[in-house]
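Shown next, in structure tokens, is the structure this report addresses.
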Amino acid sequence: MDIYRAAVRPLLFNQLQVDPEWAHLRSLSVLHWLDRHRSRPASQLLLQPLSQAFCRRDKRLQQALWGVDFPNPFGLAAGFDKDGLAAGVWENLGFGFAELGTVTLHPQPGNPQPRLFRLVEDEAVLNRMGFNNKGSAALATRLAGQNYNIPIGINLGKSKVTPLEEAAADYVGSFLKLRELGDYFVVNVSSPNTPGLRSLQDKTQLNLILEALQAQNQAQKPILVKIAPDLSWDAIADVLELATIHQLSGIIATNTTIRRDGLKTQIIPATQRPVTEEAGGLSGKPLRDRATAIIRFIWQETQGQLPIIGVGGIFTPEDAWQKITAGASLVQVYTGWIYEGPGMAARILTGLSHQLDTHGLTSISEAVGLFS
């Protein structure tokens, strides 16, 4: 029996109605303690059982992208560990890679609280965090001199205080501080929670940012762009054209959505306001099908030549398999992990191994785009 799903989640979500952001910070503080002391015997006594419980190793799930070795395709999405507080512990929870951030050039507190809400009936989360983080310099200090056993991605955003016309310099400033410390980098121009940020997905604006970043990318670090699920097919095609021009390493599909259609939840309990009146990005199960459709579109448009990290609505092994066979080389979770708990990685990876058995495949890379 999964204790988290059977007992802990109902207690936190329904009976105690614990504030989501408070719960997030408390869990992250525990993981941060483990990360800080992970070389000490006391911490190892905790980390080793975590690895035994949550990690699943299957050589068929390994693959290399951009010269980076991923032990499995199951990753932590940006947003959970913005400041890299638990960067060294995610591997013990079964993740094959972790994406830190979103980090901005300038430290910022984010939007006023409350700003994180669970839509339990929909198995979704609504957030308007606003890139709250301690800034790229602080993240660089935290990561410097550390060695991790899984790839670490870094998600870059624009500081709220930076005018849109100076966005390129803002992204470059963070990249220069962190470029030696990440295995890959993500340009986040798709969060709905920083005023005007999504306008940077426009072809002209995004071109300036990518051009400026690649001019400083002498080490040829992999650079990806994270796109919104609300883009039109033509707008996605424009991003793919820029990806070719600027030799991007991939696309992350997708960020949160601003759409509210089809939800069971009508009123947000914490604010007693209709969900349609609450600003922010929606993640979780309502995003699953749209994200998968966009992955399939990108795969078909690029003939499978541009790697995709699929994210949005992954809760089960079947969800992950659908995204991989639609064209995603890697997948990421955030909301699904909140609802499914720490046993999720083991279930997903075991399920993917079974799918390889069922389809007679010898590597997860053979499944990428299999049904596109």
Candidates 56, 273, 36: whichever shows maximal mean-square fluctuation once the chain is modelled as a Gaussian network with Cα springs under 10 Å
273
When we measure straight from the Cα of residue 264, which aspartates and glutamates land under 12 angstrom away, once same-chain ones fewer than 8 places off are left out?
121, 122, 123
Only helical DSSP H runs with n ≥ 4 go in: add -39500 (n - 2.57) per run for the chain, normalise by residue count and round the 222 nm mean residue ellipticity to 500 deg cm²/dmol.
-10500 deg cm²/dmol
HN-Hα couplings for segment 48-62 via Karplus (6.51, -1.76, 1.60; θ = phi - 60°), in whole Hz with x for Gly/Pro, come out as 5, x, 4, 4, 5, 7, 10, 8, 10, 10, 9, 4, 5, 8, 7
Residue-count net charge about residue 2 - beta-carbon cut-off 10 Å; Lys, Arg +1, Asp, Glu -1
+2
Sum of side-chain charges, residue 63 neighbourhood, beta-carbon under 11 Å (Lys, Arg +1; Asp, Glu -1)
0
Under 5 Å from the placed amide H of residue 185, counting only residues 5+ away or on other chains, we find 154, 223, 224
Karplus ³J(HN,Hα) for segment 204-216 (6.51 cos²θ - 1.76 cosθ + 1.60, θ = phi - 60°; Hz, whole; x = Gly/Pro) runs 5, 5, 5, 4, 5, 5, 5, 4, 5, 5, 5, 5, 9
With each pseudo-label sitting 7 Å past Cα toward Cβ, what's the residue 38-residue 69 distance in nm, one decimal?
1.7
Just going by the charge dipole of the chain, with Lys and Arg at +1 and Asp and Glu at -1 on Cβ, which of 197, 367, 100 is farthest out on the positive end?
100
Taking R0 as 41 Å, what's the FRET efficiency between residue 5 and residue 176 from their Cβ-Cβ distance, rounded to 0.05?
0.40
Would you pull out the residues with amide H under 5 Å of residue 255's amide H, same chain only if 5 or more places away, H placed 1.01 Å from N?
227, 228
Between residue 279 and residue 362, take the C-beta separation as r, use R0 = 51 Å, and let me know the FRET efficiency to the nearest 0.05.
0.60
Only Cα pairs within less than 10 Å get springs; with that Gaussian network setup on the chain, which residue of 317, 49, 41 has the largest fluctuation?
41
Assuming 0.36 nm per residue, please report the length gained on full extension of the stretch residue 293 to residue 266 beyond their Cα-Cα distance.
7.1 nm
May I ask for the net charge around residue 235, where only other residues with Cβ less than 10 Å from the Cβ of residue 235 are counted and Lys, Arg are +1 while Asp, Glu are -1?
-3
From the phi angles alone, apply the Karplus equation (6.51, -1.76, 1.60; θ = phi - 60°) to segment 286-300 and give each ³J(HN,Hα) in whole Hz, x where the residue is Gly or Pro.
x, 8, 4, 5, 5, 4, 5, 4, 5, 4, 4, 4, 4, 4, 5
Which one, (1) 22.2; (2) 17.3; (3) 18.3, gives mean projected area of the Cα convex hull in nm² as derived from the coordinates shown?
(2)
Can you tell me how much longer the chain between residue 233 and residue 62 gets when fully stretched, taken as 0.36 nm per residue apart minus their C-alpha distance, in nm with one decimal?
58.4 nm
Given backbone amide H placed at 1.01 Å from N, residues whose amide H is under 5 Å from that of residue 133, ignoring those fewer than 5 places away on the same chain, are 108, 110
Computed E for residue 25/residue 303 - FRET, C-beta separation, R0 51 angstrom, nearest 0.05
0.70
From the cross-link list 160/323; 158/285; 203/323; 203/285; 82/160; 134/323, the entries with a Cα-Cα span beyond 21 Å are 160/323; 158/285; 203/323; 203/285; 134/323
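No value in this document is a laboratory result; all are computed from the given coordinates. No experiment lies behind these values; they were computed from the predicted model shown. No Cβ is skipped: glycine too gets one built from the backbone with ideal geometry, and neighbour counts run over all protein chains shown.
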